[in-house]
(Lines give C-alpha, C1' and ligand atoms only; values in the text may rest on other atoms or scores of the structure.)
Protein backbone atom coordinates (compact mmCIF):
# COMPACT_ATOMS: atom_id res chain seq x y z
CA UNK A 1 0.00 0.00 0.00
CA UNK A 2 1.39 3.37 -1.04
CA UNK A 3 1.85 6.02 1.61
CA UNK A 4 2.29 9.74 1.17
CA UNK A 5 5.77 11.04 1.90
CA UNK A 6 5.99 13.17 5.01
CA UNK A 7 5.65 16.88 4.41
CA UNK A 8 8.57 19.25 4.78
CA UNK A 9 8.49 20.68 8.34
CA UNK A 10 7.99 24.21 6.99
CA UNK A 11 5.01 23.12 4.91
CA UNK A 12 3.51 21.21 7.82
CA UNK A 13 3.95 24.27 10.05
CA UNK A 14 2.09 26.40 7.51
CA UNK A 15 -0.77 23.89 7.43
CA UNK A 16 -0.86 23.81 11.21
CA UNK A 17 -0.81 27.62 11.37
CA UNK A 18 -2.56 29.23 14.27
CA UNK A 19 -3.17 32.99 14.31
CA UNK A 20 -1.09 35.15 16.59
CA UNK A 21 -2.72 36.25 19.79
CA UNK A 22 -5.50 38.79 19.64
CA UNK A 23 -3.86 40.55 22.58
CA UNK A 24 -0.08 40.16 22.12
CA UNK A 25 0.57 42.83 24.74
CA UNK A 26 -0.62 40.27 27.32
CA UNK A 27 1.64 37.46 26.08
CA UNK A 28 5.03 37.20 27.78
CA UNK A 29 6.31 35.03 24.92
CA UNK A 30 6.10 38.04 22.57
CA UNK A 31 8.18 40.01 25.07
CA UNK A 32 10.75 37.22 25.15
CA UNK A 33 10.96 37.16 21.34
CA UNK A 34 11.79 40.89 21.25
CA UNK A 35 13.62 41.24 24.54
CA UNK A 36 16.91 42.43 23.02
CA UNK A 37 15.45 44.87 20.51
CA UNK A 38 17.73 47.93 20.14
CA UNK A 39 17.20 50.76 22.59
CA UNK A 40 14.50 53.14 21.38
CA UNK A 41 12.53 50.36 19.64
CA UNK A 42 9.21 48.96 20.80
CA UNK A 43 10.42 45.56 21.93
CA UNK A 44 6.92 44.06 21.77
CA UNK A 45 6.56 45.05 18.10
CA UNK A 46 10.01 43.58 17.40
CA UNK A 47 8.90 40.39 19.15
CA UNK A 48 5.81 40.12 16.95
CA UNK A 49 7.92 40.64 13.83
CA UNK A 50 10.45 38.01 14.92
CA UNK A 51 7.65 35.50 15.47
CA UNK A 52 6.11 36.26 12.06
CA UNK A 53 9.46 35.79 10.34
CA UNK A 54 10.15 32.53 12.14
CA UNK A 55 6.71 31.16 11.28
CA UNK A 56 7.20 32.15 7.65
CA UNK A 57 10.42 30.15 7.52
CA UNK A 58 12.79 33.11 7.72
CA UNK A 59 15.44 33.78 10.33
CA UNK A 60 14.41 36.48 12.81
CA UNK A 61 15.90 39.87 12.16
CA UNK A 62 19.48 40.17 13.39
CA UNK A 63 19.65 43.59 14.94
CA UNK A 64 22.89 45.53 14.28
CA UNK A 65 22.88 46.97 17.81
CA UNK A 66 20.83 44.70 20.06
CA UNK A 67 20.20 45.87 23.59
CA UNK A 68 23.00 44.57 25.77
CA UNK A 69 24.01 44.84 29.39
CA UNK A 70 25.78 48.08 30.27
CA UNK A 71 28.67 46.42 32.10
CA UNK A 72 29.82 43.00 33.20
CA UNK A 73 26.83 41.50 34.94
CA UNK A 74 26.77 39.56 38.19
CA UNK A 75 24.92 36.71 36.49
CA UNK A 76 26.27 33.20 36.76
CA UNK A 77 25.27 31.46 33.54
CA UNK A 78 26.71 28.10 34.58
CA UNK A 79 26.67 28.60 38.34
CA UNK A 80 23.55 30.33 39.58
CA UNK A 81 22.91 31.94 42.94
CA UNK A 82 22.22 28.72 44.81
CA UNK A 83 23.58 29.97 48.10
CA UNK A 84 23.50 33.20 50.06
CA UNK A 85 27.32 33.24 50.15
CA UNK A 86 27.53 33.56 46.36
CA UNK A 87 24.90 36.26 46.43
CA UNK A 88 26.72 38.25 49.12
CA UNK A 89 29.96 38.04 47.13
CA UNK A 90 28.30 39.93 44.28
CA UNK A 91 26.32 42.34 46.47
CA UNK A 92 27.90 45.52 45.05
CA UNK A 93 27.29 44.49 41.44
CA UNK A 94 23.75 43.43 42.28
CA UNK A 95 22.93 46.82 43.80
CA UNK A 96 24.28 48.64 40.73
CA UNK A 97 22.50 46.44 38.22
CA UNK A 98 19.10 48.16 38.11
CA UNK A 99 20.60 51.63 37.71
CA UNK A 100 23.03 50.53 34.99
CA UNK A 101 20.51 48.46 33.00
CA UNK A 102 17.28 50.40 33.35
CA UNK A 103 15.81 49.43 29.97
CA UNK A 104 16.51 45.72 30.52
CA UNK A 105 14.86 45.93 33.93
CA UNK A 106 11.88 47.87 32.56
CA UNK A 107 11.26 45.27 29.87
CA UNK A 108 11.60 42.43 32.34
CA UNK A 109 9.10 43.93 34.78
CA UNK A 110 6.61 44.47 31.96
CA UNK A 111 7.04 40.86 30.82
CA UNK A 112 6.78 39.58 34.39
CA UNK A 113 3.35 41.21 34.77
CA UNK A 114 1.87 39.73 31.57
CA UNK A 115 -0.82 37.15 32.40
CA UNK A 116 -0.30 34.79 29.43
CA UNK A 117 2.52 32.71 28.00
CA UNK A 118 1.60 31.33 24.57
CA UNK A 119 4.42 29.87 22.51
CA UNK A 120 3.31 29.67 18.87
CA UNK A 121 6.59 28.36 17.49
CA UNK A 122 7.67 24.82 16.70
CA UNK A 123 7.72 22.63 19.78
CA UNK A 124 11.37 21.59 19.56
CA UNK A 125 13.76 21.40 22.48
CA UNK A 126 16.45 23.60 21.01
CA UNK A 127 15.23 24.86 17.65
CA UNK A 128 14.05 28.29 18.65
CA UNK A 129 16.76 29.26 21.12
CA UNK A 130 18.90 31.04 18.52
CA UNK A 131 16.84 34.18 18.90
CA UNK A 132 14.93 33.65 22.14
CA UNK A 133 16.97 35.35 24.83
CA UNK A 134 16.47 32.90 27.68
CA UNK A 135 19.98 33.60 28.97
CA UNK A 136 19.58 37.39 29.10
CA UNK A 137 16.13 37.14 30.68
CA UNK A 138 17.50 34.72 33.25
CA UNK A 139 20.32 37.14 34.03
CA UNK A 140 17.87 39.97 34.75
CA UNK A 141 15.63 37.68 36.78
CA UNK A 142 18.48 36.25 38.86
CA UNK A 143 19.92 39.67 39.61
CA UNK A 144 16.63 41.31 40.57
CA UNK A 145 15.76 38.28 42.70
CA UNK A 146 19.15 38.56 44.41
CA UNK A 147 18.49 42.25 45.01
CA UNK A 148 15.17 41.35 46.63
CA UNK A 149 16.96 38.90 48.93
CA UNK A 150 19.39 41.65 49.99
CA UNK A 151 16.47 43.99 50.67
CA UNK A 152 14.89 41.40 52.95
CA UNK A 153 18.15 40.90 54.85
CA UNK A 154 18.45 44.67 55.26
CA UNK A 155 15.00 44.92 56.86
CA UNK A 156 12.93 45.85 53.80
CA UNK A 157 11.08 42.54 53.73
CA UNK A 158 7.82 43.86 52.29
CA UNK A 159 9.55 45.36 49.26
CA UNK A 160 11.72 42.31 48.68
CA UNK A 161 8.89 39.82 49.09
CA UNK A 162 6.74 41.77 46.63
CA UNK A 163 9.23 41.09 43.82
CA UNK A 164 9.78 37.48 44.87
CA UNK A 165 6.04 36.82 44.88
CA UNK A 166 5.61 38.33 41.40
CA UNK A 167 8.60 36.50 39.96
CA UNK A 168 7.62 33.09 41.29
CA UNK A 169 4.08 33.64 40.02
CA UNK A 170 5.46 34.53 36.58
CA UNK A 171 7.48 31.32 36.23
CA UNK A 172 4.69 29.21 37.68
CA UNK A 173 2.41 30.62 34.96
CA UNK A 174 4.89 29.55 32.30
CA UNK A 175 5.24 26.10 33.84
CA UNK A 176 1.46 25.71 34.03
CA UNK A 177 0.77 27.00 30.51
CA UNK A 178 -0.73 24.44 28.15
CA UNK A 179 0.83 26.42 25.29
CA UNK A 180 4.42 26.38 26.53
CA UNK A 181 6.99 23.96 25.11
CA UNK A 182 8.96 21.53 27.21
CA UNK A 183 11.95 23.86 26.86
CA UNK A 184 9.87 26.75 28.24
CA UNK A 185 8.80 24.59 31.16
CA UNK A 186 12.33 23.40 31.82
CA UNK A 187 13.65 26.98 31.92
CA UNK A 188 10.78 28.00 34.21
CA UNK A 189 11.41 25.06 36.50
CA UNK A 190 15.09 25.99 36.84
CA UNK A 191 14.03 29.46 37.97
CA UNK A 192 11.50 28.08 40.44
CA UNK A 193 13.96 25.61 41.97
CA UNK A 194 16.65 28.25 42.38
CA UNK A 195 14.27 30.83 43.83
CA UNK A 196 12.68 28.45 46.33
CA UNK A 197 16.15 27.37 47.46
CA UNK A 198 17.04 30.98 48.34
CA UNK A 199 13.69 31.55 50.07
CA UNK A 200 14.40 28.42 52.12
CA UNK A 201 17.75 29.87 53.21
CA UNK A 202 16.00 33.05 54.36
CA UNK A 203 13.55 31.02 56.43
CA UNK A 204 16.42 29.06 58.03
CA UNK A 205 18.06 32.37 59.00
CA UNK A 206 14.79 33.65 60.46
CA UNK A 207 14.92 36.61 58.05
CA UNK A 208 11.18 36.32 57.30
CA UNK A 209 9.94 36.65 60.86
CA UNK A 210 6.53 38.31 60.73
CA UNK A 211 6.02 37.18 57.12
CA UNK A 212 5.54 33.47 57.72
CA UNK A 213 2.20 33.28 55.90
CA UNK A 214 3.63 34.91 52.78
CA UNK A 215 6.59 32.53 52.90
CA UNK A 216 4.25 29.54 53.21
CA UNK A 217 2.38 30.62 50.08
CA UNK A 218 5.63 31.15 48.17
CA UNK A 219 6.77 27.64 49.01
CA UNK A 220 3.55 25.96 47.89
CA UNK A 221 4.51 22.76 46.05
CA UNK A 222 3.59 21.99 42.45
CA UNK A 223 0.35 20.05 42.17
CA UNK A 224 0.47 16.42 41.05
CA UNK A 225 -0.23 16.92 37.30
CA UNK A 226 2.51 19.53 37.02
CA UNK A 227 4.92 17.54 39.15
CA UNK A 228 4.55 14.65 36.68
CA UNK A 229 6.02 16.92 34.02
CA UNK A 230 9.40 16.63 35.71
CA UNK A 231 9.86 13.12 34.36
CA UNK A 232 8.94 14.26 30.85
CA UNK A 233 11.34 17.18 31.10
CA UNK A 234 14.19 14.90 32.10
CA UNK A 235 13.45 12.50 29.24
CA UNK A 236 13.34 15.44 26.81
CA UNK A 237 16.69 16.70 28.09
CA UNK A 238 18.33 13.30 27.56
CA UNK A 239 16.76 12.80 24.11
CA UNK A 240 17.96 16.24 23.02
CA UNK A 241 21.53 15.53 24.12
CA UNK A 242 21.54 12.23 22.27
CA UNK A 243 20.30 13.90 19.08
CA UNK A 244 22.81 16.74 19.40
CA UNK A 245 25.77 14.40 19.83
CA UNK A 246 24.68 11.85 17.23
CA UNK A 247 24.38 14.60 14.63
CA UNK A 248 28.15 15.19 14.77
CA UNK A 249 29.57 11.87 15.92
CA UNK A 250 28.75 8.20 15.72
CA UNK A 251 29.22 7.83 19.46
CA UNK A 252 26.23 8.57 21.66
CA UNK A 253 27.35 10.37 24.74
CA UNK A 254 25.05 11.69 27.40
CA UNK A 255 26.91 14.23 29.48
CA UNK A 256 26.20 14.17 33.21
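Side notes on the structure shown:
Conditions tested, residue by residue: (1) within 19 Å of residue 151 (Cβ to Cβ); (2) in a loop (DSSP other than H, G, I, E, B).
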position: 188; (1), (2): no, no
position: 194; (1), (2): yes, no
position: 197; (1), (2): yes, no
position: 200; (1), (2): yes, no
position: 206; (1), (2): yes, yes
position: 217; (1), (2): yes, no
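- Options 198, 150; residue that is touching a helix residue (DSSP H, G or I) at 6+ places or on another chain (Cβ under 7 Å), modelled with pLDDT under 85, crowded, with 16+ Cβ neighbours inside 10 Å and within 22 Å of residue 98 (Cα to Cα): 198
- Meets criteria (in contact with a strand residue (DSSP E or B) (Cβ under 6 Å, 6 or more places away or on another chain), surrounded by 15 or more Cβ atoms within 10 Å (Cβ to Cβ) and either modelled with pLDDT under 90 or closer than 18 Å to residue 139 by Cα (or both)) for residue 21: yes
- Residue match in the range 83-97 (condition: loosely packed, with under 15 Cβ neighbours inside 10 Å, within 20 Å of the chain's Cα centre (by Cα), modelled with pLDDT of 80 or more and over 16 Å from residue 121 (Cβ atoms)): no
- Some residue of the range 45-66 being under 23 Å from residue 195 (Cβ atoms), touching a helix residue (DSSP H, G or I) at 6+ places or on another chain (Cβ under 9 Å), at pLDDT below 85 and part of a loop (DSSP other than H, G, I, E, B): no
- Every listed requirement among (1) at pLDDT below 80; (2) under 22 Å from residue 28 (Cα atoms) is met by residue 179 save one, (1).
- Screening residue 79 with (1) at pLDDT 65 or above; (2) loosely packed, with under 11 Cβ neighbours inside 10 Å gives one miss only, at (1).
The values are calculated or read from the model by the stated rules, or taken from the named source; none is laboratory data. All values reported here derive from a predicted model rather than from experimental measurement. With ideal geometry, Cβ positions are generated from the backbone for all residues, glycine too; neighbour counts draw on all protein chains shown.
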